[in-house]
Structure formats: structure tokens, C-alpha cells
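Peer 1: Structure incoming, see below.
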Amino acid sequence: MSPRPTFDLREFVPLNLPTYDIKLRRRHADGAIEVYDELRRLWVMLTPEEWVRQHFTHYLISHLSYPLLRMANEVGLHFNETQRRCDTVIYDDCLRPVAIVEYKAPSVMVKQQTFDQIVRYNLVLKTPYLFVSNGLRHYCVQVDPDSGGYCFLDGLPQYNEIVGSE
């Protein structure tokens, strides 16, 4: 068995998420580092935001019991006659969206404009939960379907909590 290749990951800071055996490879054409995305089932360029996405989705699956087959990355939607992409969408067993996740690189502070962005996406998907993470800080917002108001939760809920609250 050949030894595992090593990668210089100094620009990818430790996150406030559990580590795991992340699958990396070096692209032959230009030497860029790629990561295997279990949800999309393909290799993608490893960027700081992708580093957060992969760790966060792994956390949801391995620690909060989110089913892999009920999550999708880079989900397209139309908003105000423009094409947008949600970073991750989580679905219930009937494949209705129940949460949207927005990621930022660890160097990016989560600000009001981040929440404005995910709320715009939610005007289309109408999910009861919104998650935002830069890998260091994680936020979960529960949306009231009647008033449109929202409430920040203290932590990230288990999957059965978000599908049981519809």
C-alpha cells in the first residue's frame, strides 16, 4: 500500500467542528488540492469556504444524525429573475426543504448581510430553519411561518428536531 500523500493545509485553519478523515487529492493539471464532496459525489477545489462546508456537513451527518441522502450542496434557485445557489439544502423524508445552510470562509465575519442573503433564498424555499457558519461560529435561526419572524437558537438541532417541528 502506498503512503498517503501529504498536503500543506496551513491556510485551512482549525475549525470549531470535529475533525475527520477528509479525502484530499492533488489535481494533476495544476497541482491544486481537491476535496471529495460526499453529497455531490465528486471532487471539488478545496477553498477555505469548501473546508467549512465539508466539515460542517460531516458534523451534521456524524454528530447530529442528518441523513446524507437528505442533503444537497450547491442547490440552484431563481430569485428576482436571477439564478442563485444555496450552499446546502436539507430536506425531510418527503423531500421538502427544511433548512438552508450558508457558509463563509473562517476569515469572513458573519454579519447582517450574510443573514440577509440566506433570508432572500428562503423567500423561495420557505424553510423553517436557517444555518450560517464560518467554521468558527455557527448560527441557527428558526423561522416562524406565520409572522415571518425568527428566533436564534442556542445550538444546532438534531435532524429529528427540525423535521418534527414542521
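Peer 1: Which count do you get for residues in segment 69-84 that are part of a strand (DSSP E or B), aliphatic (A, V, I, L, M) and either open to solvent by 50 Å² or more (accessible area, probe 1.4 Å) or free of Cβ contacts under 8 Å to residues at least 24 places away in the same chain (or both)?
Peer 2: Just the residues of segment 69-84 that are part of a strand (DSSP E or B), to begin with: 71-79, 82-84.
If we keep only those that are aliphatic (A, V, I, L, M) as well, we get 71-72, 75, 77.
From what's left, either open to solvent by 50 Å² or more (accessible area, probe 1.4 Å) or free of Cβ contacts under 8 Å to residues at least 24 places away in the same chain (or both): 75.
Residues flagged as part of a strand (DSSP E or B), aliphatic (A, V, I, L, M) and either open to solvent by 50 Å² or more (accessible area, probe 1.4 Å) or free of Cβ contacts under 8 Å to residues at least 24 places away in the same chain (or both) within segment 69-84 amount to 1.
Peer 1: For segment 1-29, which positions are modelled with pLDDT of 85 or more, of a type outside the set (S, T, N, Q), open to solvent by 90 Å² or more (accessible area, probe 1.4 Å) and not in a strand (DSSP E or B)?
Peer 2: Pro14, Asp21, Lys23
Peer 1: Restricting to segment 88-104, name every residue that is open to solvent by 10 Å² or more (accessible area, probe 1.4 Å) and farther than 15 Å from Val124 by Cβ. Can you show your working first?
Peer 2: Initial filter on segment 88-104 (open to solvent by 10 Å² or more (accessible area, probe 1.4 Å)): 91, 93-97, 104.
If the condition is that a residue be open to solvent by 10 Å² or more (accessible area, probe 1.4 Å) and farther than 15 Å from Val124 by Cβ, then Asp93, Cys94, Leu95, Lys104 are the ones that fit.
Peer 1: Of all residues in segment 131-164, which are under 28 Å from Pro48 (Cα atoms) and polar (S, T, N, Q)?
Peer 2: Passing the criteria: Ser133, Asn134, Gln142, Gln158.
Peer 1: Something else now. Scan segment 97-111 and tell me whether some residue there is of a type in the set (Asp, Glu) and closer than 25 Å to Pro67 by Cβ.
Peer 2: yes
Peer 1: Could you list, in sequence order, all residues of segment 27-80 that are among the acidic types (Asp, Glu) and over 27 Å from Val124 (Cβ atoms)? Steps first, answer last, please.
Peer 2: As a first pass, look at segment 27-80 and keep what is among the acidic types (Asp, Glu): 30, 34, 37-38, 49-50, 74.
Of everything in segment 27-80, those that are among the acidic types (Asp, Glu) and over 27 Å from Val124 (Cβ atoms) turn out to be Asp30, Glu34.
Peer 1: What is the residue count in segment 115-159 for residues that are more than 19 Å from Tyr91 (Cβ to Cβ), outside any loop (DSSP other than H, G, I, E, B) and not hydroxyl-bearing (Ser, Thr, Tyr)?
Peer 2: The qualifying residues number 8.
Peer 1: Now for a separate question. So Asp144 passes all but one of these: (1) touching a residue at least 60 places away in the same chain (Cβ under 8 Å); (2) surrounded by fewer than 19 Cβ atoms within 10 Å (Cβ to Cβ); (3) farther than 21 Å from Asp37 by Cβ; (4) in contact with a Phe, Trp or Tyr (Cβ under 9 Å, 6 or more places away or on another chain). Which condition number does it fail?
Peer 2: (1)
Peer 1: Within segment 62-83, is there a residue that is among the aromatic types (Phe, Trp, Tyr) and at pLDDT 95 or above?
Peer 2: Taking segment 62-83 as the starting set, the residues that turn out to be among the aromatic types (Phe, Trp, Tyr) are 66, 79.
Imposing the further condition that a residue be at pLDDT 95 or above reduces the set to 66.
Yes, the conditions are met somewhere in segment 62-83.
Peer 1: Take the residues in segment 37-68 that are touching a helix residue (DSSP H, G or I) at 6+ places or on another chain (Cβ under 8 Å) and in a strand (DSSP E or B); name whichever of them is least open to solvent (accessible area, probe 1.4 Å).
Peer 2: Here the answer is Asp37.
Peer 1: When you look at Ser107, is it open to solvent by 60 Å² or more (accessible area, probe 1.4 Å), in contact with a helix residue (DSSP H, G or I) (Cβ under 7 Å, 6 or more places away or on another chain) and either of a type in the set (S, T, N, Q) or outside any strand (DSSP E or B) (or both), yes or no?
Peer 2: Working: open to solvent by 60 Å² or more (accessible area, probe 1.4 Å): yes; in contact with a helix residue (DSSP H, G or I) (Cβ under 7 Å, 6 or more places away or on another chain): yes; either of a type in the set (S, T, N, Q) or outside any strand (DSSP E or B) (or both): yes.
When the stated conditions are applied, Ser107 passes them.
The values are calculated or read from the model by the stated rules, or taken from the named source; none is laboratory data. Please read these numbers as outputs of a predicted model, since none were measured by experiment. Counting neighbours? That spans all protein chains shown, and the Cβs are built from the backbone with ideal geometry, glycine included. Note: areas computed on protein heavy atoms with side chains; ligands, DNA, RNA excluded. Shrake-Rupley method; radii C 1.70, N 1.55, O 1.52, S 1.80 Å.
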